[in-house]
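> A single structure is presented below for examination.
The values are calculated or read from the model by the stated rules, or taken from the named source; none is laboratory data. Because the structure is predicted, anything quoted here is derived from the model rather than measured. Every residue, glycine as well, gets a Cβ built from its backbone with ideal geometry; the counts of neighbours run over all protein chains shown.
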Amino acid sequence: MSSIGTSLLRRSVIVKETLIHKSDPRTKFIFFLWISIFAYIFYDYVLTAIFLIGILLLAMMGKILKRVLLSVAVIILPWIAFGVPILSVLFPWNSTLMFKLEIFGWQIPFYYEGFAWGLTWPLRIGVCITSALLFYLTTNPASLIALLFKFKLPFRFIYAFAAATQLIPLLVDEAGTIYQAQLSRGLRTDVGIIKRIWNFLILIIPLTLSSLTKVQIRAIALESRGFSAPVNKTCLYDIKFKNIDYAFFIGMVIFTLILIYIYIIYGFSPIVHLKQYFIAG
Amino acid sequence: MKNVLSKEVVIYFQNFSYSYPTKRNVLIDINLKVYKGEVLGIIGPNGAGKSTFCKSLNGLVPHFYGGTVKGNVIVAGMDTLEHTIAELSTKVGIVFQEPENQLSGLALTVEEEVGFGLSMLGFPRELIKERVKEAIEKVGLKGLERRSPFELSGGQQQRLAIATILAMKPEIMVLDEPTSLLDPIGKYEVFSVLKELIVEGSTIIIAEHEIEELAYLTDRILFLKEGKVISLDEARNVLSEISKLKEAGIDPPSITELTYLLEKELGIKIDKYPIKLSEAVKLYSEVLKIK
């Protein structure tokens with residue numbers, strides 16, 4: 001079997017011996033939820049940017065910074081590049097003028113509300129994505145499956161999740177074989193867009209049919225091994241909280257208290273104050 | 001072949017007939033008993049009902065496929081119509097043709113794959129570990145425990161499939177053409193494991209196209225054609241029915257066919273056709289001496 005048969009999960013996880021890798025997946029998952037919720041509670045690009053930098057520091061500790069930066073850059077940089085200027089001009093609730101820019105003799109006004117909204121949202125999404133990647137890229141598949149068991153999710157869901165990630169490489173492999181078979185039977189690749197769509201269809205049909213057959217065979221094999229037995233399944237993996245996890249939780253509690261304090265004193269949007277400073281000059 | 005078979009019946013087909021929802025009369029009025037410790041080979045052309053026969057042993061037919069059934073199949077004292085596939089899975093283990101497609105997809109390593117069935121049945125983790133170790137050693141996959149099942153060769157994957165069944169310690173092992181998609185080395189690996197299981201006294205049902213191997217492995221052979229039993233007898237007797245086999249499109253063992261042709265050509269009477277190489281050497285030595 002070629003290396004494509006190796007699980008996608010196995011290849012996705014960056015295997016290192018860092019504190020982040022060693023921590024329990026539950027801790028990382030709770031951190032993902034915790035920081036995402038706070039990123040949404042506070043409508044503040046400064047605070048959200050601080051969250052993002054904090055996660056990137058953790059990603060650096062976990063030696064996955066490059067991969068996380070690449071993924072997040074692809075999503076949030078185009079948004080900032082196009083969204084912020086457009087919203088600064090056209091956001092419906094724009095009222096606080098920052099400056100005017102002369103373009104081709106036109107005076108274009110740039111407003112603070114649109115600028116802040118346009119900057120906060122990609123940063124919020126960035127916080128969610130980076131914290132999710134921090135969890136996903138530093139958690140090995142066995143721990144991930146154990147986590148799903150711990151969360152007492154229905155076994156069929158756990159199986160669907162784990163099997164999909166294991167079997168996708170096989171599907172890709174098969175698609176390659178079918179494509180090569182079509183090519184050797186004279187399928188042309190130097191064609192226009194319509195023909196290319198047609199080529200795609202003649203790849204998809206045999207792939208779907210063969211996948212359905214294989215699914216049935218696998219279902220039979222699974223049933224023969226007690227898949228539908230109405231008992232609690234035994235999870236073959238184990239996960240345990242360690243000192244690093246407790247330290248992480250203490251850190252989250254401290255930051256939660258600080259953020260609650262900020263919320264009480266400044267409200268959900270410290271931007272309000274920044275805006276006041278801005279207006280004050 | 002064992003000279004004396006146990007008298008304990010572990011499989012009992014009683015007037016069993018089956019039709020799939022989309023295909024009628026796949027098995028017709030099957031009546032047979034299989035005894036504990038027996039190795040039963042199943043032969044027949046494509047569409048004879050070999051796979052359906054195998055799947056009726058653990059309740060896949062009819063519970064998974066639906067369709068209509070007449071008669072009963074009693075396996076290890078359990079009526080397959082009255083028990084679920086999960087209940088039957090500890091009594092009957094099935095190994096299928098395609099090595100890769102019977103991998104669970106959930107297990108990340110060989111040892112986890114072997115323990116998959118037991119974990120589905122909720123066995124305690126310690127017991128699973130013990131059984132997994134035992135099964136892996138039995139099929140000769142020691143040293144590959146931490147490898148991904150998808151990285152194994154076809155022969156290794158099929159041995160892994162056998163190990164997954166062995167770990168569940170079923171009373172009966174069913175192998176549905178386990179070597180048909182394997183290369184010669186893979187076939188050799190699988191048959192070697194089977195020979196060891198036979199020596200240990202396991203009850204084995206094996207549908208196989210490698211008829212020459214069946215001559216070495218089986219006590220009796222069931223010859224199916226168009227869903228009906230054509231013959232059910234000792235392996236030698238069934239494999240010696242050359243014209244019947246040829247008529248159904250099945251190639252008998254080469255040495256058996258050669259003996260049949262020589263008998264005709266030389267005009268001599270041979271009482272017992274050889275089905276194994278050693279028997280053929282002995283017979284031909286005698287014939288050559290006479291000539």
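> Could you tell me whether any residue of segment A:138-155 is surrounded by 14 or more Cβ atoms within 10 Å (Cβ to Cβ), in contact with a Ser or Thr (Cβ under 7 Å, 6 or more places away or on another chain) and in a helix (DSSP H, G or I)?
Looking for residues that are surrounded by 14 or more Cβ atoms within 10 Å (Cβ to Cβ), in contact with a Ser or Thr (Cβ under 7 Å, 6 or more places away or on another chain) and in a helix (DSSP H, G or I), one finds at least one in segment A:138-155, hence yes.
> With respect to B:Leu224, is the statement that it is modelled with pLDDT of 90 or more and outside any helix (DSSP H, G or I) true? Let's see the steps before the verdict.
Working: modelled with pLDDT of 90 or more: yes; outside any helix (DSSP H, G or I): yes.
Here the answer is yes, as B:Leu224 does meet what is asked.
> Looking at (1) farther than 16 Å from B:Gly122 by Cα; (2) assigned by TED's automatic domain parsing to the domain that holds A:Pro25; (3) not polar (S, T, N, Q), find the lone condition where A:Arg188 falls short.
It is condition (2) that A:Arg188 fails.
> Among helices (runs of 4 or more DSSP H) lying entirely in segment B:74-139, which contain 2 or more residues that are out of contact with any Asp or Glu (no Cβ under 8 Å at 6 or more places or on another chain) and farther than 30 Å from A:Ser210 by Cβ?
By residue number, B:125-138.
> Condition check: of a type outside the set (Asp, Glu), at the interface with chain A (Cβ under 8 Å from one of its Cβ atoms) and either touching a strand residue (DSSP E or B) at 6+ places or on another chain (Cβ under 7 Å) or crowded, with 17+ Cβ neighbours inside 10 Å (or both). Does B:Ile128 satisfy that?
Criteria met by B:Ile128.
> Please state which one of B:Leu160, B:Leu181 is within 18 Å of the chain's Cα centre (by Cα), under 27 Å from A:Thr165 (Cα atoms) and not in a helix (DSSP H, G or I).
Values: B:Leu160 fails: not in a helix (DSSP H, G or I).
After applying the criteria, what remains is B:Leu181.
> In segment A:210-234, which residues are outside any helix (DSSP H, G or I) and facing another protein chain (nearest Cβ under 7 Å)?
A:Arg225, A:Gly226, A:Phe227, A:Ser228, A:Ala229, A:Val231, A:Asn232, A:Lys233, A:Thr234, listed by residue number.
> Determine whether B:Val61 is at negative phi and either within 12 Å of another protein chain (Cβ to nearest Cβ) or out of contact with any helix residue (DSSP H, G or I) (no Cβ under 8 Å at 6 or more places or on another chain) (or both).
yes
> Further question: Restricted to segment A:67-106, and to residues that are in a helix (DSSP H, G or I) and of a type in the set (Gly, Ala, Ser), which residue is nearest to A:Ala49 (Cα to Cα)?
Among those that are in a helix (DSSP H, G or I) and of a type in the set (Gly, Ala, Ser), it is A:Ala73.
> Could you figure out which of (1) within 9 Å of chain A (Cβ to nearest Cβ); (2) crowded, with 23+ Cβ neighbours inside 10 Å; (3) under 26 Å from B:Cys54 (Cα atoms); (4) at pLDDT below 90 isn't true of B:Gln157?
Here B:Gln157 clears every test but (4).
> Still on this model: Determine the pairs where a residue that is closer than 15 Å to A:Lys66 by Cα, located within segment A:8-31, has a partner that is at pLDDT 90 or above and basic (Lys, Arg) with Cβ atoms under 8 Å apart, the partner being 6 or more residues away or on another chain.
Once the first residue is closer than 15 Å to A:Lys66 by Cα and sits in segment A:8-31, its partners that are at pLDDT 90 or above and basic (Lys, Arg) give A:Ile14/A:Lys63; A:Lys16/A:Lys63.
> Which residues, counting only those in segment A:197-209, are in contact (Cβ under 8 Å) with a residue 12 or more places away in the chain and either at the interface with another protein chain (Cβ under 7 Å from one of its Cβ atoms) or more than 29 Å from the chain's Cα centre (by Cα) (or both)? Give the steps one after another, and end with the answer.
Looking only at segment A:197-209, we keep the residues that are in contact (Cβ under 8 Å) with a residue 12 or more places away in the chain, and these are A:199, A:202-203, A:206-207.
Of everything in segment A:197-209, those that are in contact (Cβ under 8 Å) with a residue 12 or more places away in the chain and either at the interface with another protein chain (Cβ under 7 Å from one of its Cβ atoms) or more than 29 Å from the chain's Cα centre (by Cα) (or both) turn out to be A:Asn199, A:Ile202, A:Leu203, A:Pro206.
> May I pose another question? Would you tally the residues in segment A:41-84 being among the basic types (Lys, Arg) and either more than 17 Å from A:His21 (Cβ to Cβ) or touching a Lys or Arg at 6+ places or on another chain (Cβ under 9 Å) (or both)?
So the answer is 1.
> Can you confirm whether B:Gly71 is more than 8 Å from chain A (Cβ to nearest Cβ), modelled with pLDDT of 95 or more and surrounded by fewer than 18 Cβ atoms within 10 Å (Cβ to Cβ)?
For B:Gly71, the condition - more than 8 Å from chain A (Cβ to nearest Cβ), modelled with pLDDT of 95 or more and surrounded by fewer than 18 Cβ atoms within 10 Å (Cβ to Cβ) - is met.
> Just give me the residues in segment B:9-49 being in contact with a Leu (Cβ under 6 Å, 6 or more places away or on another chain) and among the charged types (D, E, K, R), in sequence order.
The one that is in contact with a Leu (Cβ under 6 Å, 6 or more places away or on another chain) and among the charged types (D, E, K, R): B:Glu38.
> State which residue pairs qualify: first residue within 11 Å of another protein chain (Cβ to nearest Cβ) and inside segment A:152-167, second residue of a type in the set (Val, Ile, Thr) and part of a helix (DSSP H, G or I) in any location, beta carbons under 7 Å apart, and separation of 6 or more residues or different chains.
These pairs meet every condition: A:Ile158/A:Ile145; A:Ala162/A:Ile145.
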